[in-house]
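The values are calculated or read from the model by the stated rules, or taken from the named source; none is laboratory data. Everything numeric in this text was worked out from a predicted model, so none of it was measured. Glycine also receives a Cβ, built like all others from the backbone with ideal geometry; neighbour counts cover every protein chain displayed. When the accessible area is computed, the model is the full protein with side chains, heavy atoms only, and any ligands, DNA or RNA have been set aside. Shrake-Rupley method; radii C 1.70, N 1.55, O 1.52, S 1.80 Å.
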Amino acid sequence: EPAGIGALYLAYEQLKARLEKAGVFDQKYKKPIPQMPKTVAVITSPTGAAVRDIINVAGRRNPNVEIVIVPTLVQGKNAGPEIVNAIEKVNKWNKADTIILGRGGGSIEDLWAFNEKIVAEAIFNCNTPIISAVGHETDTTIADYVSDRRAPTPSAAAELAVFDYMEFENKLQNYRKMLTTYEEHFIEKYKLLTKNLENSIQMYSPKNMLLTRKQYISDLQMHLTDCFHTILDSRKHMLQIYAVRLNGLSPLNKISKGFAYVENDSGESIKTVEQLKKGDNINLTISDGKIKA
């Protein structure tokens, strides 16, 4: 058997190869991590820095999420069985939405409990989704491959497990504003459409069409009356002009003013002064008699 650190690396590679061949790492067995968990179980050492980081990050992101600490050894000979017992306890409890399994960084010997086959089997058989957060980002264990999700650090695991409540509230506010704007736009759109339909109905209603025809006839009557009065006034004016002209040419009008008829002794009508000579006698007839001069 290889001894020392080399033996651990060899054992790690051999177990990883066997589990991978058995399909334990297949993506089809990975369970989705709940987006809005109510309870998160943290399996780790109660005195390590990892548990403090997880509590701080989870509390900052969403103080309403319940964090349940399941204490266990994370290093040493008895750490593997204790981790298995903790996983099975949470699985039977069946109230946690997500499990965070982790610890801080360390050497391969410090992290060896997370490379044991019993721990890998317990993770694989657990019904609750598990986020592995073992060591630092460069540390990789068998537990990371078997878990449903791997986080590079315990703090990152808390960010994956607990949704950001403030970000969620901001999204809700934005959605609320969008819905309100859409609702107002939708209402205004259909109010306008309804108004247009009402106008169309009123426009083509029998009553409105009758009123329109009545108004049209009334306008025609007014127009005809105006035309009639205009023509009548014009004809009256022309008649007055013709009456004045006729009156000027009327014989009766001339007779009423008086007239005379002039002739010489021979009975010829004298129409111009050139027909008379000095010493001629003329006969002057006025409308009521005959005067000689």
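Some points to look at:
- Between Q215 and R52, the distance separating the two model label sites (each 7 Å from Cα on the Cα→Cβ line) works out to 8.6 nm.
- For R103, the residues whose modelled amide H falls within less than 5 Å of its own, excluding neighbours fewer than 5 places apart on the same chain, are A133, V134, G135.
- Against the main long axis of the alpha-carbon atoms of the chain, helix 206-249 sits at an angle near 20°.
- For segment 1-77, the relative contact order works out to 29 percent when only alpha carbon pairs closer than 8 Å and six or more residues apart are counted.
- Between helix 5-21 and the chain there is an angle of about 50 degrees, using the helix long axis and the longest principal axis of the Cα atoms.
- Phi-based couplings in Hz for segment 26-35 (Karplus 6.51, -1.76, 1.60; Gly and Pro marked x): 4, 5, 5, 8, 6, 8, x, 7, x, 6
- Comparing N199, N91, N56 in a Gaussian network model of the chain, where Cα atoms under 10 Å apart are tied by springs, the biggest mean-square fluctuation is seen for N199.
- Per residue, segment 5-64 exposes 61 Å² of solvent-accessible protein surface, assessed with a 1.4 angstrom probe and all protein chains in place.
- Order of exposure, largest accessible area first, which applies to W93, W112 with probe 1.4 Å: W93, W112
- The eigenvalues of the Cα gyration tensor, multiplied by 5 and square-rooted, give segment 111-184 an equivalent ellipsoid with semi-axes of 39, 14, 7 Å from largest to smallest.
- For segment 158-255, alpha-carbon Rg relative to the globular expectation (2.2 N^0.38 Å, N residues): 3.09
- Theoretical ellipticity at 222 nm over the chain - DSSP helices of four or more residues, -39500 (n - 2.57) apiece, nearest 500: -18000 deg cm²/dmol
- Amide hydrogen neighbours beyond the local backbone of T72, cut-off 5 Å, H modeled: T44, S45
- Ignoring lysines fewer than eight residues from K195 along the same chain, the ones with Cα atoms less than 30 angstrom from its Cα are K177, K207, K214.
- Distance-filtered residues of segment 90-110 - backbone nitrogen under 18 Å, label point 7 angstrom along L160 Cα→Cβ: 97-106
- For the chain, share of DSSP beta bridges that run antiparallel, in % to the nearest 5: 35 percent
- Surrounding net charge for S132, when Lys and Arg each add one and Asp and Glu each subtract one, Cβ distance under 10 Å: 0
- Dipole axis of segment 116-237 (+1 Lys, Arg; -1 Asp, Glu on Cβ), positive-most option in N208, Y182, H136: N208
- In nm, spacing of pseudo-spin labels at E13 and E188 (7 Å Cα→C-beta vector): 7.0 nm
- Reducing segment 198-251 and segment 94-139 to their Cα centroids gives an inter-centroid distance of 103 Å.
- Segment 1-150 - percent of accessible surface contributed by carbon and sulfur, probe 1.4 Å: 50 percent
- The chain, relative contact order [Cα under 8 Å, separation at least 6], %: 14 percent
- Backbone geometry of segment 267-272 corresponds, through the Karplus equation with coefficients 6.51, -1.76 and 1.60 at θ = phi - 60°, to 3J(HN,Hα) couplings of x, 7, 6, 9, 10, 9 Hz, x marking Gly and Pro.
- Under 22 Å of direct C-alpha separation, and excluding same-chain neighbours fewer than eight residues apart, K89 reaches these lysines: K30, K31, K38, K77, K117.
- Cβ-placed point charges (K, R +1; D, E -1), dipole of the chain about Cα centre in debye, nearest 20: 1860 debye
- Take 82-89, 183-190 and order them by the average number of nearby Cβ atoms within 10 Å per residue, most first; the result is 82-89, 183-190.
- Which of A113, N127, N64, positive extreme of dipole for the chain (C-beta unit charges): N64
- Only Cα pairs under 8 Å and 6+ residues apart enter the sum, and on that basis the relative contact order of segment 55-175 stands at 27 percent.
- For the chain, the fraction of alpha-carbon pairs in successive 5 Å shells from zero, as %: 1, 5, 8, 9, 8, 6, 4, 3, 3, 2, 2, 2, 2, 2, 2, 2, 2, 2, 2, 2, 2, 2, 2, 2, 2, 2, 2, 2, 2, 2, 3, 3, 2, 2, 1, 1, 0, 0, 0
- Other residues within the sphere of radius under 15 Å centred on the Cβ of A113, judged by their own Cβ, net out at -4 (K and R +1, D and E -1).
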